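Read through the structure below, which is laid out as structure tokens, and then see the notes.
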Amino acid sequence: MEIMGYVSAAFVRLLFEFLEERGLDAAEILGEPAPAHSDQGMTRYPMSHWAQLLTRAESTLGTSALGVAVGQRITPAHIGVLGYVVLACPNLGEALARLERYIRLVYDHGPMQLRSDMQSIVLEWGEDCYHPGQLVDEVAVTALVQFSRNMTGRELNPEYVCFTNPAPADATPYTDYFQCPVAFEQPTTIVRFPVANLDMPLRQPDATLLGILEQQADTLLAQLPQTEVLQQSVRKVIARLCRDAEPTLEAVADQLNTSPRTLQRRLSEQGIRFQQLLDSTRLLLAEDYLRDSRLQLTEIAQLLGYSEQSAFNHAFKRWTGKTPRRFRLERIG
């Protein structure tokens with residue numbers, strides 16, 4: 001089991017501001033304060049944690065296609081220096097090329113492929129990417145399309161959008177927003193634009209500023225870790241230990257041939273706690289298991305290392321705002 005993916009703190013603020021604009025207490029709903037504004041976007045959240053925050057918001061609001069609503073309020077501030085880099089480009093094609101180059105500054109979950117032919121320009125996230133679920137994908141794809149509309153000043157519509165996730169009960173919010181065919185349960189995530197859009201001029205091109213911003217983006221990109229090896233290793237051990245018993249810090253440290261204190265310190269240096277990794281790994285496993293109708297809830301609790309189903313029920317509701325039974329009914333009926 002490979003779990004990966006990170007999103008910038010600036011992008012996470014998008015959800016907090018979305019809730020606050022509706023007069024809601026975002027910190028109370030999401031169970032934590034908003035990310036600080038003073039980190040240049042270098043603070044990163046595990047993608048699984050970002051998925052949990054969106055799920056909590058969805059549970060409170062009960063809004064269908066919540067990710068589409070959240071993604072529409074994207075601004076340059078939510079994607080940091082990358083936002084200003086693409087705004088300074090002369091046309092949409094140049095902006096998309098910069099997006100491909102610097103996307104890890106905002107959204108690091110596997111390679112984005114940009115390709116074109118005589119008719120279309122295609123942005124694709126393939127099978128080697130981490131797929132954190134429908135809400136996360138909705139926000140990302142909507143934000144991409146909305147930002148393209150904002151920087152061209154036009155109602156720029158894709159030709160086609162597809163997601164890897166199961167089809168929702170009502171796809172109308174998706175087709176209404178994207179104004180094109182939208183498919184689900186596809187092998188990869190794709191946004192396709194007409195190739196003629198590549199020459200579409202942007203509203204604020206500035207070649208001098210672009211050069212300065214690219215230097216800054218290159219510096220920030222070099223500071224990102226190439227891989228989160230420690231966190232990946234911890235998650236894999238947690239997933240393996242869950243099948244037999246409660247995956248404690250001590251047990252995980254022993255599997256990694258280190259002491260609990262050293263493991264805790266090394267995680268702390270990366271700005272994450274062991275309990276966060278434990279909860280997010282269990283949540284991802286739980287969601288996979290719950291989609292398999294052959295597994296009973298008692299079996300799933302045991303596979304996650306819980307001695308009692310009630311403990312699993314309590315934890316799952318704390319993570320998502322829903323009981324495991326309700327989650328299963330909504331996903332597979």
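Key figures
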quantity	calculated
Exposed GluC sites (Glu not before Pro) absent: longest stretch of the chain, with sites in DSSP loops and at most 13 other Cβ within 10 Å deemed exposed	3-126
Segment 75-159 shape via C-alpha gyration tensor axes, a/c threshold 1.5	rounded
Two-site FRET efficiency, residue 188 against residue 155, from Cβ-Cβ distance with R₀ of 25 Å, rounded to 0.05	0.45
Residue of 51, 239, 253 that the Gaussian network model of the chain assigns the largest fluctuation, springs spanning Cα pairs under 10 Å	253
28 Å tail of the calculated P(r), the chain, as % of Cα pairs	44
Most mobile listed residue (60, 219, 323) in the chain, GNM with C-alpha springs under 10 Å	219
Magnitude of the charge dipole, segment 1-136, Cβ model with Lys/Arg +1 and Asp/Glu -1, debye to 20	240
Most mobile of 131, 109, 314 in a GNM of the chain (Cα contacts under 10 Å)	314
Those trypsin sites (Lys or Arg not before Pro) in segment 43-143 that DSSP places in a loop and that have at most 16 other beta carbons within 10 Å	73
Among 267, 215, 312 the positive-end extreme of the charge dipole of segment 189-316 (Cβ point charges)	312
Solvent-accessible heavy-atom area per residue, rounded to whole Å², over the chain at 1.4 Å	46
For segment 280-319, alpha-carbon Rg and Dmax in angstrom	9.0, 24
Farthest toward positive dipole pole in the chain [+1 Lys/Arg, -1 Asp/Glu at C-beta], among 198, 53, 160	53
Charge dipole (debye, nearest 20) of the chain; +1 at Cβ of Lys and Arg, -1 at Cβ of Asp and Glu	540
Residue-span extension gain [residue 275 to residue 222] - 0.36 nm each, minus C-alpha spacing	16.2 nm
Calculated FRET efficiency for the pair residue 245/residue 167, C-beta based, R₀ 30 Å, to 0.05	0.20
Sites residue 232 and residue 64 - FRET efficiency at Förster radius 56 Å, r taken between beta-carbons, to 0.05	0.95
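The values are calculated or read from the model by the stated rules, or taken from the named source; none is laboratory data. Since this is a predicted model, take the numbers as computed values, not measurements. Cβ atoms come from the backbone with ideal geometry, glycine included; neighbour counts cover every protein chain shown. These area figures cover heavy atoms from the full protein model, side chains too; ligands, DNA and RNA do not enter into them. Shrake-Rupley method; radii C 1.70, N 1.55, O 1.52, S 1.80 Å.
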